[in-house]
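One structure is given below, encoded as structure tokens.
The values are calculated or read from the model by the stated rules, or taken from the named source; none is laboratory data. Since the model is a prediction, treat every value here as computed from it, not as a measurement. Protein only, heavy atoms only, side chains kept; ligands, DNA and RNA dropped before computing areas. Shrake-Rupley method; radii C 1.70, N 1.55, O 1.52, S 1.80 Å.
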Amino acid sequence: MAQTVMNQTKPKLLVLGGPHVDTGVLGEVLSQHFEVVTAAPGEALRTLASEGCQAVIAEAGDFVPLERDLIDRQASMLLNALGEGLALVSGEGKVLWANRRFRLFDAAVRRRVADACRWAAAKFGEAIRATGQAPKSKVIDVSLRKTQRSFEVLVTPVLVGGSEMGQARAGQGEGAGPVQV
């Protein structure tokens, strides 16, 4: 929590120590204007989350990885907040990344979705080679007879370095039509 001095709240400042950052001296100088919190660069994300700092002082080399980690964390939080399963699947059917909802599906569902993506990636590749353009998304029904569950998988082509790859978004079907996240 930020300190209050004479009815004014001091913002929290995270100072990341390093070879060129003397946290003791900086803390002493800046404490007139900030509530100074110090940490090592490897503890930056945890400290930011637990202390609620509004600003950061760090060596230039420490700032870029910190910023990248923050952006990755925000993107991951957003994708995990979706109520549907979301996965990035290679053209060979390998799940390269998946949100929490997709990872919670049982192995049979994940395998069937990956198979559907592999099939769609092959079709997308044929269409790209024939027309030179990326085709539209496909909705593929995935049914598991053993559990009597049905999923509709929306597969969208993703071009990576000039080659096609399938990105799948899968949701459990309730007979209401295609799942579109």
Checklist entry - When the Karplus curve 6.51 cos²θ - 1.76 cosθ + 1.60 is applied with θ = phi - 60°, which whole-Hz ³J(HN,Hα) does each residue of the stretch 23-33 get, with x for Gly and Pro? => result 4, x, 5, 4, x, 5, 5, 8, 5, 5, 10
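Taking a probe of 1.4 Å, how large is the accessible area per residue of the stretch 13-145, in Å²?
Details: 8120 Å² over 133 residues.
Accessible area per residue: 61 Å².
Could you please state how large a percent of the accessible area of the stretch 28-147 is carbon and sulfur, counting protein chains only and using a 1.4 Å probe? Mind dumping the intermediate values first?
Working: 4110 of 7710 Å².
Its accessible area is 53 percent carbon and sulfur atoms.
Could you give the length gained on full extension between E126 and T147, defined as 0.36 nm per residue of separation minus the Cα-Cα distance, in nm? Present the calculation step by step, with values, prior to reporting the outcome.
Working: separation 21, 0.36 × 21 = 7.56 nm, distance 3.32 nm.
So the extension gain works out to 4.2 nm.
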Checklist entry - Given H placed 1.01 Å from N in the peptide plane, which residues other than close sequence neighbours of V142 have an amide H under 5 Å from its amide H? => result F151, E152, V153
Item to check | Partners for K94 among lysines (Cα-Cα distance below 22 Å; same-chain residues under 8 apart left out) | outcome: K123, K136, K138
Checklist outcome for this item: Listed by chain and number, the residues whose amide H is under 5 Å from that of K10, excluding neighbours fewer than 5 places away on the same chain and using placed H, are Q3, T4, V5
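Compute the length gained on full extension between E28 and A107: take 0.36 nm times their separation in residues and subtract their Cα-Cα distance, giving the result in nm to one decimal.
Working: separation 79, 0.36 × 79 = 28.44 nm, distance 5.54 nm.
Additional length available on full extension: 22.9 nm.
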Next on the checklist: If amide hydrogens are placed 1.01 Å from N in the peptide plane, which non-local residues have theirs closer than 5 Å to the one on W97?
Outcome noted: L88
